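First up is the structure itself, then whatever we jot down about it.
The values are calculated or read from the model by the stated rules, or taken from the named source; none is laboratory data. Note that the coordinates shown come from a computational prediction; the quantities given were computed from them, not determined experimentally. Here the Cβ positions follow ideal geometry from the backbone for every residue, glycine too, while neighbour counts run over all protein chains shown. Calculation scope for accessible area: heavy atoms of the full protein, side chains included, ligands and nucleic acids excluded. Shrake-Rupley method; radii C 1.70, N 1.55, O 1.52, S 1.80 Å.
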Amino acid sequence: MQTPIIDPAKTELNYHHNPEAASGHHEAHPDLRMFGVFVFLFAEGMIFFGLFAAYLIFRAVSPVWPPEGIERELVLPGINTVILLSSSFVINQANGAIKKNNVAGLRTWFAATAIMGAIFLAGQAYEYSHLGFGLTSNVFASSFYVMTGFHGLHVTFGVLLILAVLWRSLKAGHYSNESHFGVEAAEIYWHFVDVIWVILFVLLYLL
């Protein structure tokens, strides 16, 4: 019986490239990507809540709030709020579509969400250009620009994230009912942005 010849060089190469195969053990590693998304959103939420707390302190110690000369317009921010909240329902439809392997539906709903996000940003820019106060007018004005501007930055990132998912969906088989982490991550982030805006709208425009 002929003894098989083992090439030590090939054995060593296989060990370094696939140590699990060399040891005979195949360990399943948990997918922690979604956990990372929630950790990131928690950290971002803490920043926003720090801004909310500072704003409430300013409001509590001020004899008059908002300060004299500040007029708060509700029509445009109200429309923007409706658009942003509606976009949460729209993006949720995309998640439902991909779970049915409907990639075309995913693209449609994500494109609609991106457009709604862009409309929100355009409305915010229009509001900035017509406000009767500037960044340094008073403590309310400073708080207003910092919080809405920081939120606007997050909306911008959200729109870019949605567009990235759209672009990746053009590759056949990239997203399916079994593989759609990017879709879910974008949806969760977008819901986070919407919740933060609701809090901002109540604090800055209603209270």
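Hey, among the residues in region 65-95 that are of a type in the set (Val, Ile, Thr) and either open to solvent by less than 80 Å² (accessible area, probe 1.4 Å) or closer than 20 Å to residue 187 by Cβ (or both), which one's nearest to the chain's Cα centre (by Cα)? That would be 91.
Out of all the residues in region 130-140, is one or more in a helix (DSSP H, G or I), touching a residue at least 12 places away in the same chain (Cβ under 8 Å) and open to solvent by less than 70 Å² (accessible area, probe 1.4 Å)? Yes, region 130-140 has at least one match. Scanning region 96-110 for residues being surrounded by 15 or more Cβ atoms within 10 Å (Cβ to Cβ) and assigned to a helix (DSSP H, G or I) gives a total of 9.
Of everything in region 136-151 that is within 21 Å of residue 45 (Cα to Cα) and of a type outside the set (Phe, Trp, Tyr), the residue that is farthest from the chain's Cα centre (by Cα) is 142. The set of residues in region 49-64 being in contact (Cβ under 8 Å) with a residue 60 or more places away in the chain and open to solvent by 40 Å² or more (accessible area, probe 1.4 Å) consists of 51, 56, 58, 59.
Conditions (1) assigned to a helix (DSSP H, G or I); (2) surrounded by 18 or more Cβ atoms within 10 Å (Cβ to Cβ); (3) of a type in the set (A, V, I, L, M, F, W, C), marked per residue:
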residue: 147; (1), (2), (3): yes, yes, yes
residue: 183; (1), (2), (3): yes, yes, yes
residue: 191; (1), (2), (3): yes, no, no
residue: 195; (1), (2), (3): yes, no, yes
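A single entry from 117, 152, 158 fulfils the requirement of being open to solvent by less than 10 Å² (accessible area, probe 1.4 Å), free of Cβ contacts under 8 Å to residues at least 40 places away in the same chain and part of a helix (DSSP H, G or I): 152.
Consider residue 166 carefully, then state whether it is surrounded by 17 or more Cβ atoms within 10 Å (Cβ to Cβ), modelled with pLDDT under 95, outside any loop (DSSP other than H, G, I, E, B) and over 13 Å from the mean Cα position of the chain (by Cα). Before the answer, list the steps.
Values: surrounded by 17 or more Cβ atoms within 10 Å (Cβ to Cβ): yes; modelled with pLDDT under 95: yes; outside any loop (DSSP other than H, G, I, E, B): yes; over 13 Å from the mean Cα position of the chain (by Cα): yes.
Yes: the conditions hold for residue 166.
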